[in-house]
Structure formats: C-alpha cells, structure tokens
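The numbers here are math on the coordinates, done by the rules we state, and not lab data. Keep in mind the model is a prediction, meaning the values are calculated, not measured. Here Cβ is always computed from backbone atoms with ideal geometry, including for glycine, and neighbour counts include all displayed protein chains.
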Amino acid sequence: MFKSLLAQSASVISLAVITILLGCLSIAKLPIELTPDIVKPTLVIQTQWPAASPQIIEEVLIEQQERVLQNISGINRIESTAYNGLASIMLTFNSNSDLASLTQMVSTKLGQIESIPLEVSTPQLLSLDGSNEALSWLFLLKNEDKQGDGFNIKHYAENILVPKLEKLNGVSNVAIYGDAFNQLVVDLDLYKLTNNNLSITQVKRALQTNFDISAGTKSISNRDYRIIFESQYDAEDMREMVVDWKGSYPVKLGDVAEVSIQKGKVSSAVFLNGKPGVSLKVMKMPNSNSVETLTQIKEIITEFNAVNLDENGLKLSMSFDPTKYIYDAIDMVSANLLFAIISTILVVYLFIRNSITTALVAICIPISLLSTLSFLYLLNVSLNLISLAGLAISVGLVVDAVIVVLESIRQQDQSMTVVERVIAGADKVKGALFSSTLTTLVVFGPIITMPEVEGQIFRDLAIAISIAVLTSLVISLTLIPVLYNYLSPLIQKDIKEHSSILLKKYQIYFTQFLSDKKVPAMVLAVSFLGALLIFVKSDIEADYLPAVEEDMMKLSYVFDKGTSLEHKKSLVVEPTLQILEKLRLQDDPVVKNYFVMFFENFSVLGIRPTPGVSMQSLEQIIKEQVVIEEKGVSSFVYRNKFLSGQGWSKKVDLNLQAADMKVHQEAADELLTLLKMHFPESKINPKNSVKLTSPVLKIEANRQRMAQLGWDTQSISLLIQGIGEGSFTGDYFDGNKRIPTYLKINDWAQPSQIRNYPVISPTGQRSVIGDLFTISESVGPSEIYRLDGIRASTFEIYPGQNISVNEVVDTINSDIAQQLALNFGEQVNLTYGGVTDKYQQVKERISSVVALAFAIVAIVLFSLLKNVTKLVCVLTTVLFASSGGLLFLEFINIVTIQKLDMLTMVGFIIGFGLVVNNSILAVQNCDETASQLLGVEQLMNNLKNRLKPIIVTTFTSIVGMIPLIFSPGDGSMIYRGLATVIVGSLVFGMIYTLFILPALYVYLVKLTNTVNGLVTVKFMKLRSE
C-alpha cells in the first residue's frame, strides 16, 4: 500500500492542494449563523369568534377541534387556549415530521367538523418549521403631523412592508403587533330603530346583501360580455342603504345608525424610544443564511426611509442589528481557533524540538480543517458557535495520528533506507490508528443520530469533530509519508537528552512495579477510591442548555386578569416611558434604545445599554429605577437565552391538570399555598390560572317572556353581540382589501343604561331589554388553557438564590405532589413543562446514548483486541476520565458558574471516545499468554514508544481548548463546560494510561494466570481420577 503511495507522490500532493482550494471556496459559501438551525415542527391553529367568551369557545370550538386532531400520528403535545373571541391550538410534532403533509392532514381533519356557528372564521394554520424565534424585530413609526387620524399604520405595514419582507429568501412569515386594523362599524340607535318599527335582525339582513353579484358572461355580436350587478354601497354612501319600506317611505340605514370606518379594539400597544407605532416580527426560514437575509432587510429599511421619511413621515428601523452580535461571536470563536492552531504548533515544537517535523504537523492542521469545512458545506451545516467550537476542539486531536506516524517512522532502524523506514513505520501503526479512529467515530455515531432539539444542537459539534478526526487519519497515512520521504534530508535527529530524561524517569516508575508487589495494589486502591470519591462528592447544579444570553435586558409585567389596556398604560406604560426617556437622554446615558410591547395580560420591555455600560449594571438600574411596584402587577427582569428559547434559565414550569373546574380551582389554590410555603424566597407566577378573577357581565334570560314576545335564539344572540363588541355581518371591500363589518348598539357605560333600551322582536312586538333578561356583575376566567385535552394551569417558579432547580423539582416530587394526591387522588395530575420537562427528557436520552456508545465501543474493542484483560484495561479509562471531567468542572466553578448542562454532558461522551485511544495503543500488542513478564515488558515497550505522542497530543488538546474555557466573549459559555470536561478527561486519561493502567494490567495478568493455574490443576485432578 505505502510503496505504491510513495510512487504516486505527485498525485497525493495535488489532491492536498485541491483540498485546500475547495476548503477556501467552502468558507466563502458556508452560511453564517449564531447557533445551529433548531427545527421544532409546530403548527398553530387560530380560529376567531368575535365576542365569544373563553367558556363558549372551549365548549363549542376547542373540544371539537381537539377530538379530530388527537389521533394524528407524530403529535407530541396539544396545547389549547381559549381567549375572548379567539381559539388557539398549538400542535408540537416530532422533530423528523413532515410539516407540509401534516398541515394538509390537519386542514382535512378540521374540515370534517360540521356544527360550527356561522360567525366563526375559517381556521388559520400557521406552520412554524423552525426555531420559532424571530430573525429580527422591525418598528414602523409615524409622524402625527404628516399623517392624519384616518391613516392606519397597521394596514400600511400589512399592505406595503409585509409583502416585501416575505418575498426575501430566508423569511418564512411576518407578524404585526400594536395598534389595530380598521373595521366598518354600523352603530345602531335602538330608540330610532324602535321608532321606525324595525328589528335588529332586519338591519343585519340588509347589511348582508351589501355585495356585488357576478352572473357570468354573455356572447353578443362575437364578443363575450361579463355580467356584473353592482349593488355594493361604498362606506360613504352606506347611510343611503334602504333597510325597509314603511308604505312609500324608505327607512334608510342612516335614519337608525351611524356608519364609519374606525379602528377595532386595540389589544396591544408598541413603543420605540417613547414613540408609538407597530412592530414586525420577521421569522426565519429553516436552513437559510441569517446574515444574508438580515443584509437584505437592512437594504429594504434604507430604501423605505429614503422615500417615506421626509415625504410621508414614516420611519422604519431595526431595534437591534443581530449581524453585529453574530459577527462578534463568530470572530471570538475564530480567534480562539487561531490561538488553538498556533499554540498547538508551539507545543509540538517544544516536545519534538525539530522544525521540519513541526512544520509537517502544522501543514496537516489547516488541511484537515479545510477538508472538514468542505464536508460541512456538502452536509448543509452552517458556520456557527457550535460547529466552530467543534473545529477548535479538533485542532489538538488532528495532530494525534500525525505525531504517531512521525514517531513510528523515526523509531525505525536507521540502517534502513528512507523509503523502507517510511513504509515500515506507517505500516506498523496503521492498524492501531484505524482502531482508535473507529472507536472515536463509534462514540460520535449515537450523538449524531440523537433526536429532537438536543440532537440538532449536538450534531454540528459531533459532525465537525468526526470529520476532522477522519481526515486527519487519511492525511497521516497518505500525505505525511509522502512529505517525510521528500523532506527526510532536512529532518535532523531529535534532541536525545530531552527524550531520554522523560524515558529514564518513567522507566524508574515502571521498574518499581516489577520489584514491589505492593505498589500496583496501592496505586489501584488509591486511584479507584479517589475516582469514586469524586463521583460521590460532586454536586454541580444541572441545567438544560448553556445560557447564551442576548445583549439586551428584558422587563416583563404580568397584570391581574381583566385589567384594561388603558389602565395598564396609565399604571405602567406612561411612568415607564418617562423613566426610560430620562435614562436615554441624560448627559451620561445608560440606555441606548428600548421598546415597549403591551398585550392583554402581560408586557415586554427590551432595553439595550449604551457602549461601556455592563449588562449587570443595567440590570441593577432597571430593578432600582425602572421597575414599577403596583398592586396587581408582577415584574420580572431577565435576559433571553438563545439556545434554550427561554427568557429565564433558572425556572420550573409546573402544570396542574384537572378535568373538573371546581376541583381544578381548589387544587390550584392549594398548590399555590404549598409552593409559597416550601419556597418562601422564590417568585411564584400562576400562569393560565383558572381562578375566576376576570370581571364578567352575566346575562340570564327570562325564557318565558322571550318566548311570549317572539324572540328566537338567533335574534337574541344578535342583540347580545351588538351590546358587546358587535355582531359580525360580513366583509366590506374598500377597493384594496376586505375589512370586517360589525353591527353595534348604542355606546353605553353602565349596565343600567342597557335595561331601558327599547327593542322590537322579529315578530314586531315592543319591549325593553330589561324584560328579556337580567344583567349582573360576576367574575370568570379570562382564558382557559388545556394540555393534551385536559384543563390545565401553569405555575412558573423562579427559585431564589439559595435553592437550585433540582432541589425545587425534588421537593415538588417528594412533598407537594404527595400532598395533592392525598387530598385529590387521581382527579389531578402534575407534569413539568418548558426547560424542566426538556431537561428530564434529554437527560434520559443522553443516558441512553452513553450506554449505547459504551456498549458499541466495548463490542468493537473486543473484536479488535480479542482479549478480556485488554478490554477491561481500556474501558476502565472511561471511569477515570469521567472523574477527571467532574473534578475540573468543580475547579472551574471556583472561578465562574458552570452548570452541568446537556452540552457539558456530551463532553463526557466526547472525552470517552478520545481517551481510550492511548490505552488501545498501549495494550494492543501485548501477549500475556506467553508469560507474565513478557506481557508486562511488551506493555513497557509500547508505553515507552508511545510516551511522547501521549504527552504531546494531550498537551496540544489542552492548550488548544484553554481559550474555549477562559474566553470572556459572547457565546463562550456554550462550550466552556464542554471544553472543561474534555480537558479533565484527557488529563486523567493520560495519567491513567501512563501510571494506573500498568498497575491494573499487572494485577489482571496475575489474576488471569492464577485462575488459569487453578483451572488447570482442577482439570488434571479430575482427569487423573
């Protein structure tokens, strides 16, 4: 093999050059992201039913929709929420689901529902085949001096901006928040209606005929004419619409009502730097280039402002440019990668002390990394913090095979020719290199195939390292022999003194093993007890994913149910805006910009600091100067986390499920009491609470009187809807788009006004509303939340400083859950959601991956080593390497906070795959069956020959990962725990291979020989008998 390879040296070098060129080309074409694309197939179904209460929506809409959807395969979770006038169902699917076909299936299932009221809109399906996170937030503001009251900024954004943005490659959809869309309102005066002897049903019937009619075409004189009956009134002329005739006198709509186009109910408010407007949430398309898409968005902003800023008084802006954050984070990791390459080369030179040999190692690093980038491009993997971290980790690993080959060639008999030494040296280690590389790849296999979100995150890391290690194997067995053959005249001998000192000291240690029978036993006892002690005493707080925080503080307010938007503005918005404007405009500003978004039950404020102001200082200022403490208002200050998708990493989401409303309310009250009792220093936020706190006007029908006066169900529902937000009568086309039409009844302030309103029944009988039903004030739920078809409520628990998430979960499982079960039995059920639920699931999956990887490696190693003693020696490396990883995590927590997150756990798997390589090379050629002494001597020779590569590769890996551990830049927390565990594993793996493995091997050889001897004696005894 190697002889023919050397004969084709020019071809090998040419392929290396081509690899370099392809890698450089791939760098230019690889998409740049902050984090990997995390696909969480989700389908949101929204159905509008104007003015319907949450109870009615749950009973009539959600229950039916859930029933037809629950049997669709691939659904992980069904979350349904009934709001005022809206039903929302979120379906979460398996990560490998085909969302397009599932969307079609869901649409078909929903179409099978028949008993749906006419006022209910067609369900709108929104596919979220991505991270469900915004690519960017844009804000559109208007100058009131240049735009009159009739200008609707939300309509403008929907008609002009949304189509432009959604046409961009990389944008899936755009959602608009703030202000309200226009609607055509017919405001009925019941007194005038009654004086004209008209019923509200007649008015609605007339409005429903306000449309044009097409009658097809007619051929006349060889020409086809379209037949159109233009009967639709324009909004300005709608007052002239005839509702009924009283003899020869027409009763027009304007005689009984006022007609106008006005804004609908405002359910959200948006402010940017104190100015009102609308916000546009731009969603990312999966597998697209974020940087490229954001560049196109900024071009749209520039073009839009150039035309509209001065002429129309409209300004479009991006609250924050994510590309800067992405480039800063990527530059930081790239700098770490460059540092790793330089430091690795320096470490190699310090140990090898040969410039030409070091140059050979240095050449292989960029070739291996560029080859990896080419494969990443082919596999559609982006350049992100995870994949680049994989490359940085790989730097120290790719030199391993190269150094082994170079050392093997150098150790050959100097009397041989250069070609013979190259062939013999490479041939001697190729089997061991294939074995060690195979075990590394086998370990990464289960990581690459992991499902759900964690698999998508870890996959980029595993792919990058796997490809880098594989390409380094190919380079070490092809390019290195060729280059060594060419450069052999320039390669000088290594400095003997440097190597001999290490070998002499190591040989002294090994000799003690052979001369003192107690030393191996003592070494084994101390090392095993030490490793077990580390496992027992380690107490590192667990977490779901690394907390990669964005460069912005968030302030959220949660309001009591039923609080009006206007009251929220006066209570919180206006004082908050004044404080933030002061902080932004003062002489020494601490706030660069901010936005405020208020919704029905909560609000979100995003605040960015001016350059030079730390996030910690800004957080303290917000808590001391910005947060407003009022009764009925809870506040939370936090930073969003990129990977977890959560606003708060230290949080427990606890779901309480109960089908019976009364039992649910009682259980929720008791659960809240128990949570406050067990966690007095923690914040408890009851979310989706079933507690009846929202004010309700309860209308009870006088059925006998209604029947007597001739009121049917349809007519009475029309009357009640008119009293509320209005009865939907259809859409009106204004020449550009369709806007909804609502029929409302005189504006009123108190229920007492309604009772005296005169009405006429469909049969023409007069009465007042007070004769038909009674109106009283009550309370009810503002929303109803259902989890997998059962009513549920969520309690968000924010643990205090002195308690961890794990302690909260343990207390809930051991005390609180048992107390609820004792009082309510099986009527209630507790489950976890959010990060807590994900952590529990991922922990189980990673445990399965570790067990699978360990089993596969054990099988592969046994097939390669064909010996149980060697297998035990190699696999024991994992125990010591893991204890080293834990110990180093404990050390790093002295300097900074590093939790045992999922990515850190993967570091143990990666370390497992790396540390067994040296053990394999140490025991592979040993033959303990010949004699105890011969087996140990073979082990000694293997370790002597492998001593320098073990030390060099371990130190190069450690030095290469030091920046990943101690870098203070954005995004460094992603791989700090991962790199720490790998470094600890490599250090303890090296110590085990050089000092503990010989002791274990000596002990196992003695044990094997003793057992074999006893078996032989027993066999001979039995045979003689």
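³J(HN,Hα) across the stretch 237-248 via Karplus (A = 6.51, B = -1.76, C = 1.60, θ = phi - 60°), whole Hz, x for Gly/Pro?
Result, ordered by residue: 9, 5, 4, 7, 5, 7, 8, 7, 10, 10, x, 9 Hz.
Length gain on complete extension for the stretch LEU118 to SER355, per 0.36 nm per residue less the alpha carbon to alpha carbon distance?
Working it through step by step, the gained length comes to 77.0 nm.
How large is the helix-only mean residue ellipticity at 222 nm for the chain, computed as the sum of -39500 (n - 2.57) over DSSP H runs with n ≥ 4, divided by its residue count, in deg cm²/dmol to the nearest 500?
-17000 deg cm²/dmol
Share of antiparallel DSSP beta bridges in the chain, in percent to the nearest 5?
On the way: 121 of 128 bridges.
Approximately 95 percent, going by the DSSP bridge assignments.
Stretch GLU420-ILE951 to full length: gain in nm at 0.36 nm per residue minus the Cα-Cα span?
Additional length available on full extension: 188.4 nm.
What full-extension length gain, to one decimal in nm, is calculated for ASN305 and ILE342 as 0.36 nm per residue of separation minus the Cα-Cα distance?
8.6 nm
From Cα coordinates alone, what are the radius of gyration and Dmax values for the stretch 41-129 in angstrom?
Final numbers for Rg and Dmax: 12.5, 39 Å.
Taking the simple approach of a point 7 Å from Cα along Cα-to-Cβ for both ILE894 and LYS263, what is their distance in nm?
6.0 nm
Using +1 at the Cβ of each Lys and Arg and -1 at the Cβ of each Asp and Glu in the chain, identify which of ASN702, LEU280, TYR1003 lies farthest towards the dipole's positive end.
Toward the positive end, the furthest listed residue is TYR1003.
Which is farthest toward the positive dipole end of the stretch 41-129 among VAL44, LEU125, LEU102, measuring Cα position about the Cα centre, with Cβ charges +1 (Lys, Arg) and -1 (Asp, Glu)?
The listed residue farthest towards the positive side: LEU102.
Taking the C-alpha atoms of the stretch 551-639, how large are the radius of gyration and the largest Cα-Cα span, Dmax, in Å?
Rg, Dmax (Cα atoms, Å): 12.8, 41.
Return the long-range amide H neighbours of LYS252 (sequence gap of 5 or more, or a different chain), with a cut-off of under 5 Å between placed amide H atoms.
The list, which skips near neighbours in sequence, is VAL243.
At what distance in angstrom do the alpha carbon centres of the stretch 415-432 and the stretch 290-363 lie from each other?
43 Å
With a cut-off of 8 Å between alpha carbons and a minimum separation of six or more residues, what is the relative contact order of the chain in percent?
17 percent
Could you let me know the centre-to-centre spacing of the stretch 162-222 and the stretch 34-97, using Cα atoms, in angstrom?
After rounding, the separation between the Cα centres reads 27 Å.
If I fit a long axis through the Cα atoms of helix 518-537 and take the longest principal axis of the Cα atoms of the chain, what angle between them do I get, 0 to 90°, rounded to 10?
So the inclination is approximately 10 degrees.
Calculate, for LEU585 and GLN46, the FRET efficiency according to 1/(1 + (r/R0)^6) with r their C-beta to C-beta distance and R0 56 Å; round to the nearest 0.05.
Details: r = 40 Å, r/R0 = 0.71.
Efficiency at R0 = 56 Å is approximately 0.90.
Where Rh denotes the Kirkwood radius from the mean inverse Cα pair distance, what is Rg over Rh for the stretch 339-477?
Values: Rg = 16.4 Å, Rh = 15.9 Å.
On the Cα set of the stretch 339-477, Rg over Rh gives 1.03.
Would you mind getting me the FRET efficiency between ASN823 and LEU532? Use the beta-carbon distance for r and R0 = 41 Å, nearest 0.05.
0.45
Quick one: Karplus J couplings for the stretch 741-752, per residue in order, coefficients 6.51, -1.76, 1.60, θ = phi - 60°, nearest Hz, x for Gly and Pro?
10, 10, 9, 10, 10, 2, 4, 9, 10, 10, x, 4
Between GLU292 and ARG766, what FRET efficiency follows from the Cβ-Cβ distance if R0 is 60 Å, with the result rounded to 0.05?
Computed FRET efficiency for GLU292 and ARG766: 0.30.
Please compute the Kirkwood hydrodynamic radius over the chain, one decimal place, Å, based on all pairs of different Cα atoms.
34.0 Å
Tell me, what HN-Hα J-couplings in whole Hz come from the Karplus equation 6.51 cos²θ - 1.76 cosθ + 1.60 at θ = phi - 60° for each residue of the stretch 580-592, using x for Gly and Pro?
Along the stretch 580-592, the couplings run 5, 5, 5, 5, 7, 9, 5, 4, 10, x, 10, 10, 7 Hz.
In terms of modelled amide H atoms, which long-range or inter-chain residues lie less than 5 Å from the amide H of LEU135?
VAL282, MET283, LYS284
Sequence gap at least 6, Cα distance under 8 Å: using those rules, report the relative contact order of the stretch 41-129 to the nearest whole percent.
Numbers: 149 pairs, mean separation 42.4, N = 89.
Here the relative contact order equals 48 percent.
Beta carbons within 10 angstrom, averaged per residue: use that to sort the peptides 818-826, 672-680, 176-184, highest first. Let's see the in-between values first.
Working: 818-826: 12.6, 672-680: 14.7, 176-184: 20.0.
With the highest mean Cβ count within 10 Å placed first, the list reads 176-184, 672-680, 818-826.
With a cut-off of 8 Å between alpha carbons and a minimum separation of six or more residues, what is the relative contact order of the stretch 551-639 in percent?
Computed value for the stretch 551-639: 47 percent relative contact order.
Provide the packing ranking of 576-584, 903-911, i.e. peptides ordered by the mean count of other C-beta atoms within 10 Å per residue, highest first.
So the peptides 576-584, 903-911, ranked by packing, come out 903-911, 576-584.
Measuring from label point to label point, each 7 Å out along Cα→Cβ, what is the SER614 to SER814 span in nm?
3.6 nm
With labels modelled as points extended 7 Å from the Cα through the Cβ direction, what inter-label distance (nm, one decimal) is found for LEU697 paired with THR774?
Modelled inter-label distance: 1.7 nm.
What residue among VAL987, ASN593, GLY455 has its Cα farthest toward the positive end of the dipole of the chain, where the charges are +1 on Lys, Arg and -1 on Asp, Glu, each on the Cβ?
Value computed over the given set: VAL987.
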